[in-house]
Amino acid sequence: MDNLMYLIGAGIAVVTGLGAGIGIGIATGKSAEAISRQPEASGKIQTVFFLGIALAEATAIYGFVVALLLIFVK
């Protein structure tokens, strides 16, 4: 029964990847829209876009690491 709780916690931790995927999709759409409206600012928009993607992906990686820790380190 105790092992089951670790696995449930790991499953919940992996769900962070879903949020990161949604966030990256929204950021991609909004940056493409911003570049199409103001092409001369594409360099600045891309810089902020890549920073946002890195932060969103970091949350997914943290969730994955937590899930692995819950599964393999008890």
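Throughout, read-outs are computed from the coordinates displayed, never taken from laboratory work. These numbers were taken from a predicted model, which means no experiment stands behind them. Counting neighbours? That spans all protein chains shown, and the Cβs are built from the backbone with ideal geometry, glycine included.
Tabulated data for the structure shown
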| quantity | calculated |
| --- | --- |
| Residue in region 51-67 that is farthest from G9 (Cα to Cα), counting only those that are without any contact (Cβ under 8 Å) to a residue 24 or more places away in the chain and of a type outside the set (V, I, T) | L51 |
| So A56, is it of a type outside the set (D, E, K, R), touching a Gly at 6+ places or on another chain (Cβ under 7 Å) and under 30 Å from I71 (Cα atoms) | yes |
| Restricting region 39-62 to residues that are of a type outside the set (G, A, S) and surrounded by 15 or more Cβ atoms within 10 Å (Cβ to Cβ), the residue that is nearest to G29 (Cα to Cα) | F49 |
| Subset tally (residues that are closer than 26 Å to V48 by Cβ and without any contact (Cβ under 8 Å) to a residue 40 or more places away in the chain) for region 1-37 | 18 |
| Selection count where residues are under 30 Å from F72 (Cα atoms) and either surrounded by 13 or more Cβ atoms within 10 Å (Cβ to Cβ) or not β-branched (V, I, T) (or both), scope region 16-38 | 8 |
